[in-house]
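Chemist: One structure, as structure tokens, below. Some questions next.
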Amino acid sequence: MSLNRIFGSFDVSGSALSAEQARMKAIADNIANASTTRTPEGGPYRRQRVVFETVLRECADGTKQTAGVRVAAVRKSDAPPLRVFDPDHPDADATGFVAYPDVSVPSEMIDMIAAARAYEANLEAIKNFKGMVNKALAIAR
């Protein structure tokens, strides 16, 4: 068994840590901008969603093996903004409605918990693998 295959677990979990970190950043941006009615691009903030893709590595025997995960894209939502009647708001239109981002803070918090748990699980996998390698080295001494 090659060292690439043995230590590939570090690559898989390490790439997952980076991907989940990007996901948590996008979620934090969504929560922070849940009430942003005006952006430099114009209109209300648009919710961001991180899309992951599997990274494959070709092995010497011609097969493919999972080598990790990466962020394929950060997509902005095309959902229509929420219209709230607030005629005193500076961004109200002629009918008194304000366009707010279609961001549900409770849903974002649930996504944040899921991302944090996935991050913790990958961190634990790295710790466990490191422990197994250390024990194998101790046995070899």
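The values are calculated or read from the model by the stated rules, or taken from the named source; none is laboratory data. These numbers were taken from a predicted model, which means no experiment stands behind them. Methodologically, a virtual Cβ is constructed for each residue, glycine included, from the backbone with ideal geometry; neighbour enumeration extends over all protein chains shown.
Chemist: Out of the residues in segment 24-82 meeting the condition of being part of a helix (DSSP H, G or I) and of a type in the set (Val, Ile, Thr), tell me which one is farthest from Phe10 (Cα to Cα).
Modeler: Of everything passing the filter in segment 24-82, Ile31 is farthest from Phe10 (Cα to Cα).
Chemist: Inside segment 41-69, can you point out the residues that are at pLDDT 95 or above and either more than 9 Å from the chain's Cα centre (by Cα) or under 30 Å from Asp93 (Cα atoms) (or both)?
Modeler: Selection gives Pro44, Tyr45, Arg46, Arg47, Gln48, Arg49, Glu53.
Chemist: Okay, moving on. Among the residues of segment 66-103, how many are closer than 19 Å to Arg47 by Cα, among the small types (Gly, Ala, Ser) and either surrounded by 16 or more Cβ atoms within 10 Å (Cβ to Cβ) or without any contact (Cβ under 8 Å) to a residue 24 or more places away in the chain (or both)?
Modeler: Qualifying residue count for the region: 3.
Chemist: To continue, here is another question. Somewhere in segment 28-43, is a residue out of contact with any Gly (no Cβ under 7 Å at 6 or more places or on another chain), among the aliphatic types (A, V, I, L, M), without any contact (Cβ under 8 Å) to a residue 12 or more places away in the chain and farther than 30 Å from Gly131 by Cα?
Modeler: yes
Chemist: Only one of these is β-branched (Val, Ile, Thr) and either touching a strand residue (DSSP E or B) at 6+ places or on another chain (Cβ under 6 Å) or at pLDDT below 95 (or both): Ile27, Ile6. Name it.
Modeler: Ile6 is the lone residue from the list that is β-branched (Val, Ile, Thr) and either touching a strand residue (DSSP E or B) at 6+ places or on another chain (Cβ under 6 Å) or at pLDDT below 95 (or both).
Chemist: Between a residue in segment 107-132 that is small (Gly, Ala, Ser) and buried (at least 16 other Cβ atoms within 10 Å of the Cβ) and any residue that is in a helix (DSSP H, G or I) and modelled with pLDDT of 95 or more, which pairs come within a Cβ distance under 7 Å, given they are 6 or more apart or on different chains?
Modeler: Ala115/Glu20; Ala115/Arg23; Ala115/Met24; Ala115/Ile27; Ala118/Glu20
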